[in-house]
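**Student:** Please see the structure below; I have some questions.
The values are calculated or read from the model by the stated rules, or taken from the named source; none is laboratory data. Being a predicted model, the structure only gives us computed values, none of them experimental. Please note: Cβ atoms are built from the backbone with ideal geometry, for glycine as well, and neighbour counts cover all protein chains shown. Note: accessible area is taken over every heavy atom of the protein model, side chains too, but ligands, DNA and RNA are not part of it. Shrake-Rupley method; radii C 1.70, N 1.55, O 1.52, S 1.80 Å.
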Amino acid sequence: MPDHGGESIDARTPRSPIWNQLEGLKGEELAAWRLADVPDRPSADDRNLQDEYPFGWFGIGYSDELAVGEVKSIRYFGKDLALWRGVDGKARVIDAYCAHYGANMAHGGKVHENTLECPFHAWRYNELGAVTEIPYSPSIPPQAKRKDCVPSWPTEEANGFIYIWYHPDKVAPLWECQKIEEALLPDWTPYRKYEWNVYSSLENVADNGVDFAHFRYVHGTVHVPTYELKFEGRSRSVIASAKLGTPKGEVEAKISSYNYGPGQGYVRFTGLLDTLLVPCVTPVDRDHVKAFYAFTQPKAAAEGPMAGLGRALVKDITKQFDQDKVILDRHRRMDPPLVCQGDGPFARNKIYYSQFYTNREPAPAQAAE
Ligand code: FES
Ligand SMILES: [Fe+2]
């Protein structure tokens with residue numbers, strides 16, 4: 001950086017081609033772009049995307065967007081699913097297709113007490129995917145009474161989200177759904193919510209968090225951030241210190257991100273105004289993830305004198321994910337990538353990640369960087 005004698009200067013990096021692609025997208029148009037299909041993308045095979053989803057707990061939507069008695073059609077992990085909330089207030093998820101005659105129960109199905117009633121012939125399913133009642137028949141076929149007659153999905157609610165447990169072999173949850181203590185505190189603002197469809201695999205999105213070199217070129221941080229990285233069992237934490245280029249010069253910011261398993265975690269931004277981001281990024285199909293970003297800030301600051309800064313900060317973080325999306329929507333996975341000194345610890349991250357797949361050999365420890 002040139003020396004300007006300490007006076008305040010515009011420290012923003014020059015516009016990159018990616019920023020130019022996003023230029024002019026604002027408000028509703030930007031929100032629509034975040035969710036729109038990218039129909040001309042190459043196939044998942046052409047892009048060498050992973051052919052298995054990692055297992056764990058994954059957010060599939062917000063608790064306050066599913067009312068008692070409501071049924072929703074959702075799609076995750078390559079499956080059409082039915083999500084409903086029983087009269088007892090509990091959210092439940094089973095595969096959408098009825099074992100009887102194959103109706104999609106998320107379309108026209110209704111909640112009967114705590115069960116999901118199929119719209120075709122009114123068979124009723126509990127959260128274990130077992131038929132509990134067939135109103136027009138005196139008996140239930142034995143096979144229909146069994147658990148997972150229609151495959152069921154362990155479902156929990158925490159942090160304002162509904163989470164499901166995914167495992168390719170339908171193994172029961174191997175750890176508990178994580179609660180984030182800082183989420184939904186009464187003196188912090190209600191979530192500000194953002195959503196994206198990103199046409200890539202979850203692991204590629206996760207790699208982005210340890211790709212330290214891209215921060216400068218894609219996101220416009222003034223320098224490549226310094227970072228501390230810790231892998232411990234199922235958790236990964238990254239504490240990055242970055243100088244953010246603002247119109248008024250460089251600002252030091254700290255970004256602490258924590259993951260437990262491939263689907264849960266949080267990111268805490270400090271330095272300007274405390275901001276907690278609860279991201280849920282969940283596979284929909286092999287080349288498609290759904291990302292939910294929920295932001296909260298201390299009310300005293302965000303609803304008071306620092307309201308403008310609070311909004312600007314959230315806008316900047318969402319803009320960063322927009323920038324990532326431009327790359328990720330069309331990027332091809334290099335396995336292994338051709339790396340150089342100065343790159344993030346991709347290989348170490350891959351070792352961490354491999355524990356969440358059933359079809360990968362645990363990588364040798366000495367491969368760690
Ligand atoms: S198809 Fe669902 S009850 Fe017949
Ligand atoms: Fe990024």
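**Student:** Would any residue of the stretch 180-199 have its amide N under 19 Å from a label point 7 Å out along Cα→Cβ of ALA31? List them or say none.
**Tutor:** Answer for this model: 190-198.
**Student:** How many angstrom lie between the Cα centre of the stretch 136-160 and the Cα centre of the stretch 52-108?
**Tutor:** So the two Cα centres are separated by 12 Å.
**Student:** Filter the cross-link list LYS254/LYS319; LYS72/LYS319; LYS26/LYS193; LYS145/LYS170; LYS26/LYS110 down to pairs whose alpha-carbon distance in this structure exceeds 26 Å.
**Tutor:** Too far apart for the 26 Å limit: LYS72/LYS319; LYS26/LYS110.
**Student:** Testing the spin-label approximation: label points 7 Å from Cα along Cα→Cβ at LEU128 and THR358. State their distance in nm.
**Tutor:** Placing both labels 7 Å along Cα→Cβ, they lie 2.1 nm apart.
**Student:** If you don't mind, another one. In nm, to one decimal, how far is the modelled label at VAL38 from the one at GLU303, with both set 7 Å along Cα→Cβ?
**Tutor:** Calculated label separation equals 3.8 nm.
**Student:** Per residue of the stretch 17-29, in order, report the coupling 6.51 cos²θ - 1.76 cosθ + 1.60 (Karplus, θ = phi - 60°) as ³J(HN,Hα) in whole Hz, putting x for Gly and Pro.
**Tutor:** Calculated HN-Hα couplings, in order: x, 5, 4, 5, 4, 8, 4, x, 7, 9, x, 5, 5 Hz.
**Student:** Taking θ as phi - 60°, what are the ³J(HN,Hα) couplings along the stretch 129-134 by the Karplus curve (6.51, -1.76, 1.60), each to the nearest whole Hz, with x for Gly and Pro?
**Tutor:** So the Karplus estimates, Gly and Pro as x, are x, 9, 7, 9, 7, 10 Hz.
**Student:** If each Cα of the stretch 183-324 is one equal point scatterer, what is log10 of I(q)/I(0) from the Debye formula at q = 0.10, 0.13, 0.15, 0.20 Å⁻¹?
**Tutor:** Per q value, in the given order, log10 I(q)/I(0) is -0.34, -0.58, -0.79, -1.40.
**Student:** How much length, in nm to one decimal, is gained on full extension between ASP45 and LEU174, taken as 0.36 nm per residue of separation minus their Cα-Cα distance?
**Tutor:** 43.4 nm
**Student:** When the helix-only estimate is applied to the chain (DSSP H runs of n ≥ 4, each -39,500 (n - 2.57), divided by the residue count), what is the mean residue ellipticity at 222 nm, nearest 500 deg cm²/dmol?
**Tutor:** -4500 deg cm²/dmol
**Student:** Right, here's the next one. Between ASP80 and residues 5 or more places away or on another chain, which pairs have amide H atoms under 5 Å apart, with H built 1.01 Å from N, and which residues are they?
**Tutor:** ALA96
**Student:** Report, by chain and number, residues whose modeled amide H sits under 5 Å from the one on PHE161, excluding near sequence neighbours (fewer than 5 apart, same chain).
**Tutor:** Residues meeting the amide H criterion: SER63.
**Student:** Return one number: the angle in degrees, 0 to 90 and rounded to the nearest 10, between the long axis of the Cα atoms of helix 307-328 and the longest principal axis of the Cα atoms of the chain.
**Tutor:** Between the helix axis and the principal axis of the chain, the angle is about 80 degrees.
**Student:** Compute the accessible area per residue over the stretch 122-230, keeping the other protein chains in place, probe 1.4 Å, unit Å².
**Tutor:** 48
**Student:** Any idea how far apart ILE327 and ASP285 come out in nm if each label point goes 7 Å out from Cα toward Cβ?
**Tutor:** 2.5
**Student:** Still on this model: Enter the accessible area of GLU127 (Å², nearest 10), with the probe set to 1.4 Å and all protein chains included.
**Tutor:** 60
**Student:** Indicate the gyration tensor shape class of the chain (rounded, prolate or oblate), computed on the Cα atoms with a ≥ b ≥ c the square roots of the eigenvalues: a/c under 1.5 is rounded; otherwise a/b larger than b/c is prolate and the rest oblate.
**Tutor:** Since a/c reaches 1.5 and a/b is larger than b/c, the shape of the chain is classed as prolate.
**Student:** Given a 1.4 Å probe and every protein chain left where it sits, what share in percent of the accessible area of the chain is carbon and sulfur?
**Tutor:** 53
**Student:** I would also like to ask the following. Can you compute 3J(HN,Hα) from phi for each residue in the stretch 276-291, using the Karplus curve 6.51 cos²θ - 1.76 cosθ + 1.60 with θ = phi - 60°, rounded to whole Hz and x for Gly and Pro?
**Tutor:** Values, residue by residue: 10, 10, 9, x, 10, 10, 10, x, 9, 9, 4, 10, 8, 10, 9, 10 Hz.
**Student:** Using a 7 Å offset from Cα along Cα-Cβ at LEU185, what residues in the stretch 266-281 end up with backbone N under 11 Å from the label point?
**Tutor:** Those under the cut-off are 274-276.
**Student:** Ignoring ligands and nucleic acids, what accessible area does ASP45 show with a 1.4 Å probe (Å², nearest 10)?
**Tutor:** Looks like 110 Å² after rounding.
**Student:** Something else now. Given the whole protein assembly as supplied and a 1.4 Å probe, what does the accessible area of LEU116 come to in Å², nearest 10?
**Tutor:** Here the residue's solvent-accessible area equals roughly 0 Å².
**Student:** What does the charge add up to near PHE292, with Lys and Arg as +1, Asp and Glu as -1, over the other residues with Cβ less than 9 Å from its Cβ?
**Tutor:** Every neighbour counted, the sum reads +1.
**Student:** Here's another thing I want to ask about it. Rank GLU182, GLU228 by accessible area, highest first, at a 1.4 Å probe radius?
**Tutor:** GLU228, GLU182
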